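Sharing a structure here in structure tokens format.
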Amino acid sequence: MNRTLRFQLNGKPVELKTDDERTLLWVLRGDLEATGTKYGCGEGICGSCTVVVDGEAVRSCAATVGSIDGKDVLTIEGLATDGRLHPLQQAFVDHGALQCGYCTPGMIMNAYAMLRANAKPDAAAIASGMEDNLCRCGAHPRIVAAIEDASRKMGGAQ
Amino acid sequence: MTAIFPSKDGVRAGVDRRSFCKLLGGGILVLVTSKPSDLFAQRRSYPEDLNAYLRIDENGHVTVFSGKIEMGQGVITSQAQMAAEELGVSLDAITMVLGDTDQCPWDAGTWGSLTTRVFGPALRAAAAEARTVMIKLAAGKLGVARNQLTVENGVVFVAGDPARKVTYGALAKGKAITRLVDEKAILRSVKEFKVMGKSPKRLDGVDKVSGRAQYAGDIRRPGMLHARILRPPVHGAKAKSVDISRAKALTGVTVVEEGDLIAALHSDPETAERALGLIRAEWDTPEAAFDTESVHEYFQKVAKEGDVRFSRGDVAARRDGEKLFEATYRTPYKAHAPIEPHTAVAEWNDGKVTVWAGTQSPFGLRDQLVRELGLDESRARVITPFLGGGFGGKGVARQGIEAARLSKLAGRPVMVAWTRGEEFFYDTFDPAGVVKIISAIDAGGKMTLWDYRVWASGDRAAELFYDAPHASITTVMSRGTPGAAAHPFGVGAWRAPGAGTNVFARESQIDIMAAAAKIDPLEFRLRNTSDERVVNTLKAAANAFGWKSAAGPSGQGRGIAIGYDSGTYAAIAASVTVDRKTGEVHVDRLVCSQDMGIVVNPDGARMQMEGCMMMGLGYVFSEELQFRGGDVIDRNFDSYDLPRFSWMPRKIETILVSNDELAPQGGGEPAIVPMGAAIANAIYDATGARLFRLPMTRERVLAALKEA
């Protein structure tokens, strides 16, 4: 159904008149030009399209744009503030927690939501919280180390 | 940028190469002496003109051009390090331009761990030549002899009098330079390294964590349409009838047809997808000749004639006192499964097509565009953004051809972005393989015989570095598709193609013999080889692991294996826990040692080793393409399982074996090679159960436990 949706995208209000059944991923990557969020599997399996909606990790390839009406959406483009990388982003750089980088936005957004729910996870909790995000390059050990490091530095903050 | 570099034809055919140096735009273009050579041949090798590799602008900034691409393996950083080192500039003075066929020197493709070991020397030599030219220019400017000058961070100064200096930028500025450098520039030695041998952070890191890094799917062109292409349900199917009328009726949708290429196009990919769903097609589908389970027997039945690749002694004869071992090992078709599917954007302007493609071979794609679209070489340009993984699967860029054809037909820029289902369907799989080994040892535990025959996997890494006096290696059907044994779908390179299969077989067989001889498997290997690099690499892994000598199965649950690939030796010691009830195996610890010669970027090398081991867990435990003839059954990650966080060993350790006497060797692939055998051997050591088939699924582990 065509209707006008109002939501926050990375802290900025967005008004969009569109078919509310469209897939959030393609609206983000198309209409809203936020290409940091990646297509990986189209069925919510791999997690590379993960964004944060009202603080929770959402697979944007398996969500409609209508589902974000009135909500607050955060994508990888919105994490840095005033040109400074978010501690998670910085930790991924510091630990070399990426190779091809394609799954990285989804990894970071999933970790962001995970740390909101549990600010000080141990390595096992991190591995379990990241379980459904796939990385083909095998950066897993460094991703866990980066998230641990970031959570320490964040000290419970977002 | 375009002003600095004349067209390839300009440089190669038009410029008098004996005029050597020339200023173009704001930068020095340094040409060095070169032999007149066949221009076509030169296009198929690395150019001798160093200006093909780098440009120094008036501010001293250096742009480095490389036909290699970045797919995660870290060569954007390591190539910059090599150029910075030899040129004598800091790493931050360098900008990398990768995989642009209009700007970069020709390259066959980014595979085979060739970037550092083969392109590296060409790049380093060019940068070293440029440094020599800079010093010569500075000597003239400062009025001192060249041997009194030193270079640091792009500044040439008089040794002991650093105030007398001139920058690379100043040497370049506003001067037309004609100068000959006809001496061989000397590469810096390991002791002199300032940039190489260090581990700077990845140059692509910040872009990749901020969503700014561009992949092919992130390219946007004015008026661009997204294409969804009609695909057959199985490989080899032929369309009997196609009805596009309902798709065409959808508002804003364009349906194009050219031969077997039928696609729905729209500015929104979901609308294009919906239109594709409205296309009705009926297909004739071929019979399946074999499937996941029958492939190995099928290959052995239809392909018998082999190619003897190596032979010594007499493998047919049997000797007194020999203990014989015969075993057959099997591996499946494997998908590359990069998280980024094949994607490309094509745009035509004035008869020239530009294709942005996720490809491991931009020049290969350009040549293919030229061939298939009947273009002059100057009428096709390929630009390669970052790749979201490759692993050998993006050497063929079919999607780039599709985008170019559709864009021409539609008259607008077109993106072809494969879905995950298309990615699985059109992947060029690592072929299933069979290895049959007959080997023997004498009473003293010395290998006497090694008769090795491999079907369909090729013989990469099959070389025997053990001292069996009677040995042969035979390849049957290579990795290709001869006659009746044709693969039902595309096959191709896969991170060290076939090497994982060969090393799984060889190093398992070695373990079997060691156990039969009641000799510790490490000791058995050391006793049977005189290859010093093998010995050093094995010992490095074993020492770091804390290897406790015992004949298998010792109950410790540890295994070791070693492979050789791309000039590099990699050994892995693994420890596992086996659940005898469920057949589940968990890898607790992995220690990988690697002798790769001089290490350009130690942390980058470790990342590749870790990545190889994590990715390797997939082919060890789960990855096996399910298919029936041309019907690819696995179409997404729900059934084709990739390694996950829970699979991570408690500890992954990497050891770089010091070998600065050897030029840098390959690092992207070797460590994945010994994974199968290291873990199979560890499972045997834990339980006495021997696995002969990859992946080692729970069912197969349970079956092997029953037999043990």
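Run the paramagnetic zone check for residue B:588: 7 angstrom along Cα to Cβ, then residues of segment B:607-649 with backbone nitrogen under 13 Å.
Once the point is set 7 Å along Cα→Cβ of residue B:588, B:649 turn out to lie under 13 Å by backbone N, inside segment B:607-649.
I've got another one for you. Let me know the charge dipole size of the protein assembly as shown about its Cα centre in debye, to the nearest 20, where only the beta-carbon of Lys, Arg (+1) and Asp, Glu (-1) is charged.
1440 debye
Quick one: order B:529, B:251 by neighbouring beta-carbon count within 10 Å, fewest to most.
So the ranking, lowest neighbour count to highest, is B:251, B:529.
Rank A:11, A:47, A:78 by mean-square fluctuation in a GNM of chain A with C-alpha springs under 10 angstrom and give only the top-ranked residue.
So, out of A:11, A:47, A:78, the one fluctuating most is A:11.
From the phi of every residue in segment B:656-669, what ³J(HN,Hα) in whole Hz does the Karplus formula 6.51 cos²θ - 1.76 cosθ + 1.60 yield, where θ is phi - 60° and glycine or proline is x?
Once rounded to whole Hz, the list reads 9, 6, 5, 7, 6, 6, 9, 4, x, 10, x, x, x, 10.
Kindly identify chain B as rounded, prolate or oblate by the Cα gyration tensor criterion: order the square roots of the eigenvalues as a ≥ b ≥ c, call it rounded if a/c is under 1.5, otherwise compare a/b with b/c, prolate if a/b is larger, else oblate.
Oblate, because a/c is 1.5 or more while a/b does not exceed b/c.
So, one more: Over segment A:87-154, calculate the relative contact order: mean separation of alpha carbon pairs under 8 Å at least 6 apart, over the residue count, as a percent.
Relative contact order comes out at 54 percent.
Taking H placed 1.01 Å from N in the peptide plane, check which residues at least 5 places from residue B:152 or on another chain put their amide H under 5 Å from its amide H.
Sorted by chain and number, the residues that satisfy this are B:157.
Before anything else, pin down the relative contact order of segment A:1-76: Cα pairs under 8 Å, at least 6 apart, normalised by residue count, whole percent.
On the way: 150 pairs, mean separation 28.4, N = 76.
The value is 37 percent.
How high is the FRET efficiency from residue A:123 to residue B:307, r the C-beta distance, R0 51 Å, rounded to 0.05?
0.55
Could you list the residues of segment A:88-132 with an amide nitrogen less than 18 Å from a label point located 7 Å from the Cα of residue A:56 in the Cα-to-C-beta direction?
Once the point is set 7 Å along Cα→Cβ of residue A:56, A:109-119, A:129-132 turn out to lie under 18 Å by backbone N, inside segment A:88-132.
Would you order A:43, B:297 from fewest to most other beta-carbon atoms within 10 Å of each residue's own beta-carbon? Mind dumping the intermediate values first?
Details: A:43 16, B:297 12.
Fewest to most other Cβ atoms nearby, the residues stand as B:297, A:43.
Could I ask something else about it? For residue B:145 and residue B:314 in one chain, what is 0.36 nm times their gap in residues minus the Cα-Cα distance, to one decimal in nm?
On the way: separation 169, 0.36 × 169 = 60.84 nm, distance 6.43 nm.
Gain in length upon complete extension: 54.4 nm.
How much length, in nm to one decimal, is gained on full extension between residue B:283 and residue B:186, taken as 0.36 nm per residue of separation minus their Cα-Cα distance?
The span from residue B:283 to residue B:186 would gain 28.6 nm if fully extended.
For segment A:2-78, give the share of DSSP beta bridges that are antiparallel, in percent and rounded to the nearest 5; count only bridges with both residues there.
Details: 15 of 17 bridges.
So the antiparallel bridges amount to about 90 percent of the total.
Based on alpha-carbon centroids, what's the gap between segment A:22-89 and segment B:652-674 in Å, whole number please?
Cα centres, segment A:22-89 to segment B:652-674: 38 Å.
If you take the beta carbon distance between residue A:15 and residue A:157 as r and set R0 to 35 Å, what does 1/(1 + (r/R0)^6) give as a FRET efficiency, to the nearest 0.05?
With R0 = 35 Å, the Cβ-Cβ based efficiency is 0.70.
Return the percentage of antiparallel bridges among DSSP beta bridges fully within the protein assembly as shown, rounded to the nearest 5 %. Spell out each step's value before the answer.
Numbers: 102 of 132 bridges.
Just about 75 percent of them are antiparallel.
Exposure proxy check: B:378, B:457 ranked by fewest other beta carbons within 10 Å? Intermediate results must be reported in sequence, preceding the final value.
Working: B:378 12, B:457 31.
Exposure proxy ranking, most exposed first: B:378, B:457.
Can you tell me which of A:15, A:56, A:148 moves the most in a GNM of chain A? Springs connect C-alpha atoms under 10 Å apart.
Of the options given, A:15 has the highest mean-square fluctuation.
Moving on to the next point. What is the local net charge at residue B:629, summed over the other residues whose Cβ is closer than 13 Å to its Cβ (Lys, Arg +1; Asp, Glu -1)? Don't skip to the answer; put the middle values down first.
On the way: positive: B:628; negative: B:287, B:291, B:293, B:631.
After counting each charged neighbour, the total is -3.
What does the C-alpha gyration tensor say about the overall shape of the protein assembly as shown? Classify as rounded when a/c is under 1.5, otherwise prolate if a/b is larger than b/c, or oblate.
rounded
Next question. Out of all DSSP beta bridges with both ends in chain B, state the antiparallel percent to the nearest 5. Mind dumping the intermediate values first?
On the way: 86 of 114 bridges.
Here the share of antiparallel DSSP bridges comes out near 75 percent.
Out of residues 5 or more away from residue B:441 or on other chains, whose amide H comes under 5 Å of its own, with H placed 1.01 Å from N in the peptide plane?
Here the answer is B:323, B:448, since their amide H atoms fall under 5 Å of that of residue B:441.
Then there is this: Given an 8 Å cut-off on Cα distances and at least 6 residues of separation, report the relative contact order of chain B as a percent.
Here the relative contact order equals 13 percent.
What spacing in nm lies between the two simple spin-label points modelled at residue B:325 and residue B:463, each 7 Å away from Cα in the Cβ direction?
It works out to 2.2 nm between the two label points.
Multiply the residue gap between residue B:292 and residue B:626 by 0.36 nm, knock off their C-alpha separation, and tell me the result in nm, one decimal place.
119.7 nm
Here is a follow-up. Using the structure shown, select from B:334/B:394; B:518/B:548; A:12/A:71; B:323/B:518; B:68/B:334; A:120/A:153 the pairs with a Cα to Cα distance greater than 18 angstrom.
Pairs exceeding 18 Å: B:68/B:334.
Quick note: the coordinates plus some simple rules give every number you see, no bench work behind them. Values in this document were obtained by computation on a predicted structure and should not be read as measured data. Cβ: placed from backbone, ideal geometry, glycine included. Neighbour counts: every protein chain shown.
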